Amino acid sequence: MMIPYGRQDITEDDVQAVTSVLRSDFLTQGRKIPEFENALASYAGAKHCVAVNSATSALHVACLALELGPGDTLWTSPLTFVASANCALYCGAKVDFVDVDLESYNICVASLREKLEASEKTGSLPKALVVVHLRGEPADLREIRGLSRQYGFAVIEDAAHAIGARYQQETIGSCKYSDITVFSFHPVKIVTTAEGGAALTNDKRLADRMRLFRSHGITRNDDQFQGQAEGSWYYEQIELGLNYRLTDLQAALGLSQLSRIDRYVARRHELSDRYDELLESLPLVLPKNDPENHSALHLYVIRVGNGSAETRARVFEALRADGIGANVHYIPVHYHPHYRRMGFKKGDFPRSETYYETAITIPLFFGLTFEQQDFVVGSLARAAATFL
Ligand SMILES: *Cc1c(COP(=O)(O)O)cnc(C)c1O
């Protein structure tokens, strides 16, 4: 059996929570959705929460709510899942990237500042920036918010890796330094609803718009009607929305999982600290986390020291041959053929590319045992002795 890099934790309570919805009147659009949304909002410390069927959908409704469209540009990090960039393309907007720094692997604030200065001169400032908290380690939100106010762009936090994290003293999801924060509840993430996501905000207008786009652009709110209500059956479609709704089955699972989030993150810290010690003597670059933050530790990414793409591939394949589900997060978004067709090429974002050539994600999840972890370390030590 392969040891995966990430895996859900499902308890008897989770099973009970889901089956009780199955026996109830509403499988979707029932009471579990607002219950889950309220629990998320209160955990994160945001005023509003809109649950949707994936983080990809959450990013899309976030961009729609911010009125991204043709002629606009969204910037993000090249080191992310493609969804962080695709959300702009769905709206007919363009995408560009800001390189990362090689300490945190998050957006480099100095590069962002430089790119903003240059773009101001050419009249090509972005309308929004998707800030990715890669591995669960918060990006430099205070600096980024400062630049967002100075240059007038919106900030969307892609916190798919970072539920349960804190930036300095601030819980990720509070939106203290952003307009909207997005979570993912895919099974490899920290808490799961199978598929699912959420968008949080403190801005009621944005929350209302995201709710509208989640469900066809239809409203039953008479203060949003453009015509006259003709009876209590009446509703209006006032925008072109989608069906991005989460089900009550999923919301019940999410609620049950959310009650264990602090335990989940604590176990990730325990395992990550243990990796730090056990791997210290190997010729690897171990992950760095700012002690002022509390990372959610979604991923444990090592880099093969002075490695080349070939050495990384050898170490990776050795881990796989031992039954370890190593992974790579991520192939830089601008490398993908869909983005190359827009003109991006190798060499555009050199630090992201250097990272990519040497990075390997090793297993880290709630249910990982010390024995499994020792096995991963042993396998890595053998690969390092052979190839490094
Ligand atoms: C997983 C992930 C997403 C997409 O989440 P889904 O819920 O699968 O749509 C977006 N961004 C990042 C950084 C992710 O890791």
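Quick notes on this one:
- In region 307-316, the residues that are touching a residue at least 12 places away in the same chain (Cβ under 8 Å) and surrounded by fewer than 22 Cβ atoms within 10 Å (Cβ to Cβ): Ser308, Ala309, Thr311, Arg312, Arg314, Phe316
- Check on Pro34, over 15 Å from Leu206 (Cα atoms), part of a helix (DSSP H, G or I), without any contact (Cβ under 8 Å) to a residue 24 or more places away in the chain and more than 15 Å from the chain's Cα centre (by Cα): yes
- Only a single item in (1) closer than 30 Å to Ile360 by Cβ; (2) touching a residue at least 40 places away in the same chain (Cβ under 8 Å); (3) not small (Gly, Ala, Ser) is not met by Asn86, and it is number (2).
- Residue selected from region 65-90 under the condition part of a loop (DSSP other than H, G, I, E, B) and within 16 Å of the ligand (Cβ to nearest atom), by the criterion surrounded by the fewest Cβ atoms within 10 Å (Cβ to Cβ): Val82
- Ile156, sole failed condition from (1) more than 16 Å from the ligand (Cβ to nearest atom); (2) more than 30 Å from Ala17 (Cα to Cα); (3) buried (at least 17 other Cβ atoms within 10 Å of the Cβ): (1)
- In region 142-155, the count of residues that are in a loop (DSSP other than H, G, I, E, B) and among the aliphatic types (A, V, I, L, M) is zero.
- In region 151-178, residue farthest from Tyr244 (Cα to Cα) [restricted to those that are within 14 Å of the chain's Cα centre (by Cα) and not hydrophobic (A, V, I, L, M, F, W, C)]: Gly164
- Pair list, Cβ under 7 Å, 6 or more apart: region 157-170 residue among the polar types (S, T, N, Q), other residue assigned to a loop (DSSP other than H, G, I, E, B) and surrounded by fewer than 24 Cβ atoms within 10 Å (Cβ to Cβ): Gln168/Glu292; Gln168/Asn293
- Set Leu27, Leu59: member being closer than 21 Å to Gly164 by Cα and touching a residue at least 40 places away in the same chain (Cβ under 8 Å): Leu59
- Residue within region 179-186 that is closer than 24 Å to Thr247 by Cα, within 13 Å of the ligand (Cβ to nearest atom) and out of contact with any strand residue (DSSP E or B) (no Cβ under 7 Å at 6 or more places or on another chain) present: yes
- Figure legend. Inter-residue proximity from region 104-123: first residues under 14 Å from Phe153 (Cβ atoms), second residues aromatic (Phe, Trp, Tyr) and in a helix (DSSP H, G or I), beta-carbon distance below 6 Å, spacing 6+ or different chains. Indicated pairs: Leu116/Tyr151.
- Residue check, Ala51 at pLDDT 95 or above, within 17 Å of the chain's Cα centre (by Cα), within 15 Å of the ligand (Cβ to nearest atom) and in a helix (DSSP H, G or I): no
- All conditions but one from (1) more than 21 Å from Gly367 (Cβ to Cβ); (2) surrounded by fewer than 24 Cβ atoms within 10 Å (Cβ to Cβ) apply to Val188; the one that does not is (1).
- From the list Leu255, Leu271, the one residue that fits, being in contact with a Leu (Cβ under 8 Å, 6 or more places away or on another chain) and either assigned to a helix (DSSP H, G or I) or within 16 Å of the ligand (Cβ to nearest atom) (or both), is Leu271.
- Just so you know, in region 110-141 the residues that are part of a loop (DSSP other than H, G, I, E, B) and within 16 Å of the ligand (Cβ to nearest atom) include one that is nearest to Ser57 (Cα to Cα), and it is His133.
- Some residue of region 376-386 being among the basic types (Lys, Arg) and in a helix (DSSP H, G or I): yes
- Checking every residue in region 180-188 against the condition of being out of contact with any helix residue (DSSP H, G or I) (no Cβ under 8 Å at 6 or more places or on another chain), closer than 19 Å to Asp248 by Cβ and at pLDDT 95 or above gives at least one match.
- Any hit, region 94-103, residues being more than 20 Å from Val50 (Cβ to Cβ), buried (at least 20 other Cβ atoms within 10 Å of the Cβ), within 15 Å of the ligand (Cβ to nearest atom) and of a type outside the set (Val, Ile, Thr): yes
The values are calculated or read from the model by the stated rules, or taken from the named source; none is laboratory data. This structure is a prediction, so every number in the text was calculated from the model and none was measured. Glycine gets a Cβ as well: all are built from the backbone with ideal geometry, and neighbour counts include every protein chain shown.
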